[in-house]
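Step one of this worksheet: look at the structure below.
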Amino acid sequence: MSSRPARTYTTHDTAIDAQIAQLLSSVKDDFDRRLLTELIISIYRLGQDGATTGDLKLINAAVKELRYAFKIFRPYRHRRKVATFGSARVSTAHPAYPMAKEFGRLMVKANWMVITGAASGIMQAGHEGAGHAASFGLNIRLPFEQEANVVIAKDPKLINCKYFFTRKLLFIKESHATVLFPGGFGTLDEGFESLTLAQTGKSDPRPVVFVDTPKGAFWDPLLKFFRKPLMSEGMISPADEAIYQVARSAQEAVDHIVRFYRIYHSIRYIGELLVIRLNQRLSPGGLAQLNREFSEVLTSGAIEQRAALPEETDEPALKALPRLVLQFNRQNYGRLHALIHRLNDLSAALALPSKRASGR
């Protein structure tokens with residue numbers, strides 16, 4: 001059940017609106033039926049607006065790519081996935097290659113799946129470690145450098161994308177963490193996409209991990225650039241440092257990701273409220289500490305611990321999880337990431353057993 005108000009969206013032709021309504025009459029969920037109605041009407045309006053052939057080809061290809069990708073990902077959405085980026089040009093002799101392979105293996109051991117761009121180099125290494133059963137590939141059709149690697153090439157979980165923008169959308173939408181091994185423009189592009197979306201709240205909070213070899217300095221210039229001039233000149237906030245982390249081993253990268261989700265589960269906005277679902281209840285002392293440390297992110301009131309809200313009945317699988325509920329200012333997303341990191345510290349020091357853990 002959705003709390004979102006109904007909107008009127010029509011073709012302004014009652015006969016065509018009636019035909020669309022009839023076409024979608026078998027869709028049981030009211031909100032899903034409304035969304036499908038709007039989608040069909042938007043397509044109809046493209047024709048009425050005189051869209052060019054180029055415009056129609058772009059939209060047609062993008063919608064087809066996304067529809068197919070959603071179908072492939074849907075059976076696996078119960079498992080978390082990590083988007084893994086890095087150069088397609090590194091050989092097996094590069095020290096980052098065995099690290100990426102070990103990272104893939106360890107993530108699967110932690111019951112995650114691995115998504116890469118499906119090419120060679122770091123992407124192949126991640127798939128080798130994960131194995132084809134736990135791997136997804138989002139290949140981009142290019143005239144060079146981008147044939148699918150041998151691990152994922154014949155797997156049904158390989159998705160070929162015509163456009164970078166649909167591919168980037170899928171990487172973010174279908175993953176829960178971003179890991180960056182040494183790479184070129186493509187790796188940097190995907191990394192900045194993850195950072196930007198996390199900083200602006202356009203994606204759910206996620207760990208973003210820069211991985212370097214134990215004695216490497218690949219990411220050092222970029223991380224220094226974040227602090228000076230970006231941070232020193234006010235282009236980003238010191239709080240934004242909480243959005244990303246650095247690892248110098250595969251195990252450290254895995255630890256950053258797994259720890260992020262140890263207490264934090266997911267978020268949802270309901271009206272003006274931000275609901276943070278937890279894997280474990282926070283103690284009264286921990287809750288009080290959060291209110292002391294993060295009061296500046298609130299527009300009013302306090303951070304409260306509650307059960308599921310009535311508007312969340314459309315997610316019955318999450319009903320038993322405890323919640324933190326707050327009126328978040330929707331600006332300080334770096335501090336929101338810091339709050340999630342802090343949950344782990346507080347739960348370790350001042351933990352209470354959850355109902356699920358205690359069997360009550």
* Does any residue of the range 29-37 turn out to be assigned to a loop (DSSP other than H, G, I, E, B), aromatic (Phe, Trp, Tyr) and either modelled with pLDDT under 95 or not assigned by TED's automatic domain parsing to the domain that holds Gly137 (or both)? -> no
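Yes or no, residue by residue, for (1) free of Cβ contacts under 8 Å to residues at least 60 places away in the same chain; (2) surrounded by fewer than 23 Cβ atoms within 10 Å (Cβ to Cβ); (3) more than 29 Å from Lys57 (Cβ to Cβ); (4) hydroxyl-bearing (Ser, Thr, Tyr):
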{"position": "Ala130", "(1), (2), (3), (4)": "yes, no, yes, no"}
{"position": "Pro143", "(1), (2), (3), (4)": "yes, yes, no, no"}
{"position": "Pro156", "(1), (2), (3), (4)": "no, yes, no, no"}
{"position": "Phe164", "(1), (2), (3), (4)": "yes, yes, no, no"}
{"position": "Leu169", "(1), (2), (3), (4)": "no, yes, no, no"}
* Considering only residues of the range 258-317 that are touching a residue at least 24 places away in the same chain (Cβ under 8 Å) and hydroxyl-bearing (Ser, Thr, Tyr), which is farthest from His337 (Cα to Cα)? -> Thr313
* Residue match in the range 189-211 (condition: assigned by TED's automatic domain parsing to the domain that holds His94, farther than 24 Å from Ile340 by Cα and outside any helix (DSSP H, G or I)) -> no
* **Residue check for Ala69: surrounded by 15 or more Cβ atoms within 10 Å (Cβ to Cβ) and closer than 25 Å to Leu170 by Cβ** => yes
* Residues being touching a residue at least 40 places away in the same chain (Cβ under 8 Å), of a type in the set (A, V, I, L, M) and in a helix (DSSP H, G or I) - total across the range 59-93 -> 5
* Does the range 347-360 contain any residue that is at pLDDT below 95 and touching a Gly at 6+ places or on another chain (Cβ under 7 Å)? -> yes
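Would you please name the residue that is surrounded by the most Cβ atoms within 10 Å (Cβ to Cβ), looking only at residues in the range 171-205 that are among the hydroxyl-bearing types (Ser, Thr, Tyr) and over 22 Å from Ser249 (Cβ atoms)?
Out of the qualifying residues, it is Ser203.
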* Structure fact -> Scanning the range 1-27 for residues that are part of a loop (DSSP other than H, G, I, E, B) and at pLDDT 95 or above, the one surrounded by the fewest Cβ atoms within 10 Å (Cβ to Cβ) turns out to be Ser26
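The values are calculated or read from the model by the stated rules, or taken from the named source; none is laboratory data. Predicted model only: the values in this text are computed from it and were never measured. Neighbour counts run over all protein chains shown; Cβ positions are idealised from the backbone, glycine included.
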